[in-house]
1. Can you give the extra length, in nm with one decimal, that the chain gains between F224 and D236 once fully stretched, where that is 0.36 nm per residue apart less the Cα-Cα distance?
2. Using Cα-Cα distances under 8 Å and only pairs 6 or more residues apart, what relative contact order does region 105-188 have, in percent?
3. Placing unit charges on C-beta atoms (Lys and Arg positive, Asp and Glu negative, everything else neutral), compute the dipole magnitude of region 22-181 about its Cα centre in debye, rounded to 20.
4. Shape call for region 160-294 from the C-alpha gyration tensor, a ≥ b ≥ c root eigenvalues: rounded (a/c under 1.5), prolate (a/b greater than b/c) or oblate?
5. Taking the Cα centre of the chain as origin, work out the dipole magnitude from +1 charges on Lys and Arg Cβ and -1 charges on Asp and Glu Cβ, in debye rounded to 20.
6. Summing -39500 (n - 2.57) over the DSSP H runs of n ≥ 4 in the chain and dividing by its residue number, what mean residue ellipticity at 222 nm do you reach, to the nearest 500 deg cm²/dmol?
7. From zero up to wherever the largest Cα-Cα distance of region 144-219 sits, split into 5 Å bins and tell me the percent of pairs in each.
8. Using a Gaussian network model of the chain whose springs link C-alpha atoms within less than 10 Å, name the residue from G283, G48, G318 with the highest mean-square fluctuation.
Amino acid sequence: MFRPKRRLMLAAGAALFLASAGVNAQAPAVAPGLANVVILATGGTIAGTGASSTTTVGYTAATVGVQSLIKAVPELAKVANVTGEQVFQIASENMSNEHWLTLAKRVNVLLAQPNVDGIVITHGTDTLEETAYFLDLVVKSRKPVVLVGAMRPSTALSADGPINLYNSVLLAASPEAVGKGVLVAMNDQIQAAREVTKTNTSTLDSFRTPELGMLGYIQGSKPFFYRQSTRKHTVDTEFDISSVISLPMVEIVYGYANVGPVAVDAFVAAGAKGIIHAGVGDGSLAAKVVPALKAARQKGAIVVRASRVGQGILARNGEANDDELDFVAADTLNPQKARILLMLALTKTSSTREIQRMFYTY
Ligand code: SIN
């Protein structure tokens, strides 16, 4: 089993590498016996500031730099040799396919270095689950990758960012996290990238894996794992983004009472190669939308039936005859994660049979 090496010599090599890459890494004081963890900062509320200590909504995300985040938690030095790199400084609603490709390539480069044992990515919570799942499918390493955010800005009373950051660094430094796929550490809980979702607009316990359950807890500066996601991830996927410079256009159409064909038609006219239909219930299709989806498929777009419900298996050939329509069922993936898998699937194939296999594999 791979175990993170407790290395003594991060500073020179990593700092030179990062400096030549034009990023703001800072060589830390290196403590013997500790794992080397790189924090890649992307913005979000964990790096946000509000007008006062009681401002917990209406603050500005993505204002505090990575070195300040690290300095705010001196306890990090007890659990890992930490370096920081500001990859982006954005609110996560602005996360794009291009950001994902840049981030994933950086993660793969860093994890290929023997002097990096794990990565923490600080991120806005709004699309954190999407970035986590994207990385889960394209990171080519068994070393820990942990995403972390905060529900309260750094200036708030009882801000959750510092403890979440501390927990995520100790998780990324821990042998127990090796080979578990991309993880999310929020609110003392460890969640799997594929299954976790943001469930509340503002409470600290927003990140949950309803029904299937979280992987474990972080307590007393130790991770405790109780289960594992069974789907393939990281080194066991077929996706290689090393030479990918853009991802195919895949859009999400929402199902609701009185829905019509306008959104599907517009996305296809705009060049969508895939449509995720976030249907009502078990992915039901309104009669007025079916002709638009059929036409989309005839024009070559892949149609994936997902559900807006948020829990449960989308039954293939249940609420629609997927075999006849040549559609794909999303299994348990929520629409936003189905979009990610479909984009990656389309980098490999346009066969609906193959894409359906991928939805039952990842
Ligand atoms: C964001 O997603 O960037 C803002 C909200 C948050 O981080 O909680």
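The values are calculated or read from the model by the stated rules, or taken from the named source; none is laboratory data. Bear in mind that the values here come from a model prediction, so they are computed numbers and not experimental data. So basically every Cβ, Gly included, is an ideal-geometry build from the backbone, and we count neighbours across all protein chains shown. These accessible areas exclude ligands, DNA and RNA; they are computed on the full protein's heavy atoms, side chains included. Shrake-Rupley method; radii C 1.70, N 1.55, O 1.52, S 1.80 Å.
1. Working: separation 12, 0.36 × 12 = 4.32 nm, distance 2.38 nm.
Full extension from F224 to D236 adds 1.9 nm.
2. Numbers: 136 pairs, mean separation 27.4, N = 84.
Relative CO of region 105-188 lands at 33 percent.
3. Details: 9 positive and 11 negative charges, 79 e Å.
So the magnitude is around 380 debye.
4. Numbers: a/c = 2.69, a/b = 1.88, b/c = 1.43.
It comes out prolate by the Cα gyration axes.
5. On the way: 33 positive and 28 negative charges, 155 e Å.
Value, rounded to 20: 740 debye.
6. On the way: 11 runs with 101 residues, N = 362.
After summing the helix terms and dividing by the residues of the chain, the value is -8000 deg cm²/dmol.
7. 3, 18, 28, 26, 16, 7, 2, 0
8. Answer for the Gaussian network model of the chain: G318.
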